[in-house]
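**Q** This structure is in structure tokens; I'll ask about it shortly.
The values are calculated or read from the model by the stated rules, or taken from the named source; none is laboratory data. What you see is a predicted model; the values in this text were computed from it and never measured. Here the Cβ is made from the backbone with ideal geometry for all residues, glycine too, and neighbour counts use every protein chain on show.
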Number of protein chains: 2
Amino acid sequence: MSLASLPDAYRQAPFDEGCAPRRLLRLFSGKWVTMILHTLHLLGGASRPGALLRSIPGLSKKMMTQTLRELEEMGLVAREVHQVMPPVVEYRLTVLGRKIIEPVEMLYRWGAEHAVVLDRVDDNVARARKGG
Amino acid sequence: MSLASLPDAYRQAPFDEGCAPRRLLRLFSGKWVTMILHTLHLLGGASRPGALLRSIPGLSKKMMTQTLRELEEMGLVAREVHQVMPPVVEYRLTVLGRKIIEPVEMLYRWGAEHAVVLDRVDDNVARARKGG
DNA sequence: TGCCCCGGGTACCAAAAGGTGCCCACAGGA
DNA sequence: TCCTGTGGGCACCTTTTGGTACCCGGGGCA
């Protein structure tokens, strides 16, 4: 089968750097990006850094802050500082962030529903490394 | 909102390393993994390395081979060597591979349909870096 | 006064990922 | 004979990524 016989959207779409799907993948490639977006979403769209940190085992303070800064720069997350004493900080998904949540949730849902598939993948790797 | 008020699948699902969604994400985190799976799928489920290489601009021979080896180890792709002269090699998606294609296609489709959203993200980043 | 919480920042380091360049054998065409 | 293309391997280097450890100021608490 050649590329020429495929529908238009397929023929052009994923075949250069800078196309939409590859940009989306790059966005999600950070180790904690989707975790944080997803958790923020689960927690109702907003939450305080402390709560976020405790919700994601393995996430370090540094990586959380760093990832949140990047998400802020992309306009996916907004940082609100409530001027009380002591200062309360809250991160919430922006409108754009709530859009990006869609593919994140798709992925998480698929993953949760097809854990068996992933188990099989891991089994294959384990057997390949042992057996040869 | 607290975690306790959420449905079960959500409360436990993505909150530890090794849960299904995070494993799926790790699988997709390689720069060329989804590109190769997707292209293999578009090309009809199988193709020769040369064709694959030419279909994905920016992909180097080394990275292609390396990624294909990993996919083979995971049992997502099968390598067939036709014993003719010169040897013809073909990679095709396995049954497991055709399962994993599902979330890949979801992502690619969403990306293609929501390019505007990704444009906005890039704009935000550009403006953030300029303005300050 | 010491201690822990909060939210955050920074310096430094280790590991992983990715990319380039060069190598192999074999075959066909000029 | 040289150059092309096929399918692949390996050495090396750079960049990116992620993680640890330590720092700040402020407040509550014993």
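**Q** Could you grab me the full set of residues in the range A:41-61 that are free of Cβ contacts under 8 Å to residues at least 12 places away in the same chain and under 21 Å from A:PRO86 (Cβ atoms)?
**A** Scanning the range A:41-61 gives A:GLY50, A:ALA51, A:LEU53, A:ARG54, A:LYS61.
**Q** Further question on the same structure: What's the number of the only condition in (1) free of Cβ contacts under 8 Å to residues at least 24 places away in the same chain; (2) among the charged types (D, E, K, R); (3) within 12 Å of DNA strand D (Cβ to nearest atom); (4) buried (at least 16 other Cβ atoms within 10 Å of the Cβ) that B:ARG26 fails to meet?
**A** (4)
**Q** Here's another thing I want to ask about it. Taking the stated definitions as given, is A:ARG11 closer than 30 Å to B:GLU105 by Cβ, of a type in the set (Lys, Arg), away from DNA strand D (no atom under 11 Å from the Cβ) and modelled with pLDDT under 90?
**A** Values: closer than 30 Å to B:GLU105 by Cβ: yes; of a type in the set (Lys, Arg): yes; away from DNA strand D (no atom under 11 Å from the Cβ): yes; modelled with pLDDT under 90: yes.
Against the criterion (closer than 30 Å to B:GLU105 by Cβ, of a type in the set (Lys, Arg), away from DNA strand D (no atom under 11 Å from the Cβ) and modelled with pLDDT under 90), A:ARG11 qualifies.
**Q** May I ask you to say which residue of A:ARG127, A:ARG92 is of a type in the set (Lys, Arg) and closer than 24 Å to B:LEU96 by Cβ?
**A** A:ARG127
**Q** For the range B:24-132, which helices (runs of 4 or more DSSP H) that fit wholly inside it have 2 or more residues that are at the interface with chain A (Cβ under 8 Å from one of its Cβ atoms) and within 12 Å of DNA strand C (Cβ to nearest atom)? I'd like the intermediate steps shown before the answer.
**A** Numbers: elements: B:33-42, B:49-55, B:61-73, B:95-113, B:115-130.
It comes to B:33-42.
**Q** Another question, if that's okay. Looking at A:VAL88, A:VAL77, A:VAL104, which is the one that is touching a Ser or Thr at 6+ places or on another chain (Cβ under 6 Å) and either under 24 Å from B:ASP16 (Cβ atoms) or in contact (Cβ under 8 Å) with a residue 12 or more places away in the chain (or both)? Give the steps one after another, and end with the answer.
**A** Working: A:VAL88 fails: touching a Ser or Thr at 6+ places or on another chain (Cβ under 6 Å); A:VAL77 fails: touching a Ser or Thr at 6+ places or on another chain (Cβ under 6 Å).
Checking each option against the conditions leaves just A:VAL104.
**Q** Further question on the same structure: Looking at B:GLY50, B:GLY75, can you tell me which residue is of a type outside the set (A, V, I, L, M, F, W, C) and buried (at least 18 other Cβ atoms within 10 Å of the Cβ)?
**A** Working: B:GLY50 fails: buried (at least 18 other Cβ atoms within 10 Å of the Cβ).
After applying the criteria, what remains is B:GLY75.
**Q** What is the residue count in the range A:14-23 for residues that are modelled with pLDDT under 90 and in a helix (DSSP H, G or I)?
**A** Qualifying residue count, the range A:14-23: 2.
**Q** Quick check on my filter: what residues within the range B:44-74 are within 14 Å of DNA strand D (Cβ to nearest atom), more than 19 Å from A:GLU17 (Cα to Cα) and among the hydrophobic types (A, V, I, L, M, F, W, C)?
**A** Matches in the range B:44-74: B:ALA46, B:LEU68, B:LEU71.
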